[in-house]
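The block underneath contains the structure these notes are about, expressed in structure tokens.
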Amino acid sequence: MNEPHLHCPLGVHRQQLSAWRDHALAEHEMRRIAEHVPTCAACQQTLAQFGEIASLLHHQPLTDLTSSVWNGVHQRMRPKERITMSRPRPALWGGISAAALIVLIAVILTAINHPSLGNTGNTGNTGTAPSPTVTAATDCAALLPGAAVASAGAQFPDVAFPPATVGLSPTRSGGDVGQFTITTHALCTAHATVAAITAHFGDLTASGWLHSNTFPTDGSFQSPCGTDQCWAKDVRYIKLAGPLTDHGSGLITYTVLLATAPPAPDCSASGNTFSQGYYYLLPDPHYTQTPLYADIPLPPLTRIVPNDAAGGIRGYDLCSAGSVASITAFMQAQLTALGWSNTGNNVWMNKGYSLILLVPATTQWTIYWRDPSFLP
Ligand SMILES: [Zn+2]
């Protein structure tokens, strides 16, 4: 179970303690904390955690010859792989201002007065996808039987579907603890073209939406958007999913996915100064020996702070949405998918390299490893 979270009466932060442990503070700070620690259970608890992590990492098996050879091979493969890998970035907060200035199309968006907000009582259909083989249809009712006037819903008041759009009642997925909720809208627009539908959603960037390379398709992992078109704003995502099918007579069918975030974590009580923005991948440490520590996926709404220590120990303290169980399950699934295996005692191994994953609390969990250049 979780250890009780103790509070330091002097407000000494984890980063300060980490630096103190590494003898990396100014002399008067070194002395102040040295005098304080024997009297403070909170600081002692934090230092004990640091000690546990350091001890685990220093007792890891050394990289053996086999994995060195394999790593050499992997390194040669790496530049090609990297082309398709998304770069870590603060999820949304960093770059909104530039796109928000583009107001060229705002007049058109404003003019689209969608009549769908009063839509109720659209029940009883099955959410079946439209058949792309229908060619004789003359209206959307024939293509999407049971469809009614469609809207993006209360969580997306700033998103209008194109005029003359109907849809089946949306299906839901995700939405478990710590997950995005995804609603999938099967839509049909009349008097339209594929280009017009694409342009309509492209105009989202005129109202503060940013193009996104990812979408939380399974509710948790920010998977690549691929050839689809994705946008993000706040912690909401939109995906215009292909194929957009032209049925003739100006009838276009397509699918739109909308994602809303789980409740944001309260990271304020952890004693850490976390990043303002959310990260969905650990930043790439750019090791020349191995790419294994790059691009490790993180659970929804994760804030991070690096906490490196002496002896080549590298890592992050993290704070995420969800529960200890949901974060643990996410990380176990992602690490396993990347080839890491759990060897017990919170130690994961991959090709001779190790990392420590500790999830004692949602607002204070850790991933640590040793810089490969410190391995003998
Ligand atoms: Zn203290």
> For ARG21, what accessible area in Å² do you get when you roll a 1.4 Å probe over the heavy atoms of the protein chains, rounding to the nearest 10?
Replying inline: 80 Å²
> Long-range amide H contacts for LEU298: which residues qualify at under 5 Å (H placed 1.01 Å from N, peptide plane, sequence gap of 5 or more or a different chain)?
Replying inline: LEU281, LEU282
>> For TYR287, TYR293, give me the order by solvent-accessible area with a 1.4 Å probe, most accessible first, ignoring ligands, DNA and RNA.
In response: TYR287, TYR293
> Simple spin-label model, 7 Å along Cα-to-Cβ: VAL324 to SER249 in nm?
Replying inline: 6.0 nm
> Ranked by accessible surface with a 1.4 Å probe, highest first, in what order do TRP348, TRP20 come?
Replying inline: TRP20, TRP348
>> Quick check: with the 1.4 Å probe, what order do MET331, MET349 take by accessible area, largest first?
In response: MET349, MET331
> What ³J(HN,Hα) values, in whole Hz, does the Karplus curve 6.51 cos²θ - 1.76 cosθ + 1.60 give for the range 147-156 when θ = phi - 60°, with x put for Gly and Pro?
Replying inline: 5, 10, 3, 10, 9, 6, x, 5, 7, 10
>> Students often get this wrong: which residues of the range 352-376 have the backbone nitrogen under 17 Å from the point 7 angstrom along Cα-to-C-beta of HIS286?
In response: 371-373
>> What distance in nm lies between label points placed 7 Å from Cα along the C-beta direction at ASN345 and HIS23?
In response: 2.7 nm
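The values are calculated or read from the model by the stated rules, or taken from the named source; none is laboratory data. Just so we're clear, the structure is a prediction, and the values are computed from it rather than from any experiment. All Cβ positions, glycine included, derive from the backbone under ideal geometry; neighbour counts span all protein chains shown. Keep in mind that these areas ignore ligands, DNA and RNA; they rest on the heavy atoms of the full protein, side chains included. Shrake-Rupley method; radii C 1.70, N 1.55, O 1.52, S 1.80 Å.
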